[in-house]
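The values are calculated or read from the model by the stated rules, or taken from the named source; none is laboratory data. As the structure is a computational prediction, the values presented were derived from the model and not from experiment. Neighbour counts are summed over all protein chains in view; Cβ atoms, including those assigned to glycine, are modelled from backbone coordinates with ideal geometry. Only protein heavy atoms, including side chains, enter the accessible area calculation; ligands, DNA and RNA are left aside. Shrake-Rupley method; radii C 1.70, N 1.55, O 1.52, S 1.80 Å.
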Amino acid sequence: MQVLRPRGPLPGDRPFTADWRHLAALRNGEVIGACSLGPAPWPRADLAQPPSPQWQFRSLAVLPAHRGGVGSALVAAATGLATDEGVGSLWATARVAALSLYERQRWQVVGPEWDKPGVGPHKYVIRLIR
Ligand SMILES: CC(C)(COP(=O)(O)OP(=O)(O)OC[C@H]1O[C@@H](n2cnc3c(N)ncnc32)[C@H](O)[C@@H]1OP(=O)(O)O)[C@@H](O)C(=O)NCCC(=O)NCCS
């Protein structure tokens, strides 16, 4: 079995609560990618005021051998789920290397680049749902 995130939770990751949703991408019955989303207040009201309810999108990962379209499909599925759930906006901390993936799906990059210890350069991104 391969592990999507061998290092486990990243610094600052809060434990998931029961109201979070977890999406898996399957290929031939095997989980090849995943992401999570759930209620969490946008932490940077100084940068933007996205509509409530505010949900966080996080822990997007696809097994290396299966990359190429799957990550975008998971982001699109999460956006669809958020729409169905009446979410006002999704926010995430995105690796700078992944910003183009989000921007292609109408996420907005907000604020300056900052360093997530042990992971690297990040920016906040927001997707308005309604
Ligand atoms: C990010 C990730 C999920 C993309 O999966 P994928 O199936 O290749 O996604 P897609 O083909 O739909 O999109 C490709 C995009 O992924 C992003 N990407 C590519 N390599 C990446 C890397 N090493 N790290 C982070 N993002 C990367 C880019 O935005 C790329 O778009 P581009 O081709 O315009 O540069 C996958 O690379 C991964 O699991 N990386 C490790 C974990 C991670 O970085 N998660 C994202 C945290 S914000």
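Full extension of the chain between Glu113 and Ser52 yields a length gain of 19.5 nm, computed as 0.36 nm times the residue separation minus the alpha carbon distance.
Just to confirm the number: angle between the C-alpha axis of helix 70-84 and the first principal axis of the chain, 0 to 90 degrees, nearest 10? Between helix and principal axis, roughly 50 degrees. Summarising the label geometry, the points placed 7 Å from Cα in the beta-carbon direction at Arg95 and Arg5 lie 1.2 nm from one another.
Computed over protein heavy atoms with a 1.4 Å probe, the accessible surface of the chain works out to 56 Å² per residue. When the Gaussian network model of the chain links Cα atoms closer than 10 Å, the mean-square fluctuations of Thr83, Thr17, Thr93 top out at Thr17. Rolling a 1.4 Å probe over the protein heavy atoms of region 21-128, with every protein chain left in place, gives an accessible area that is 52 percent carbon and sulfur. On the principal axes of its alpha carbon atoms, region 21-128 extends 45, 32, 23 Å, with the longest extent given first.
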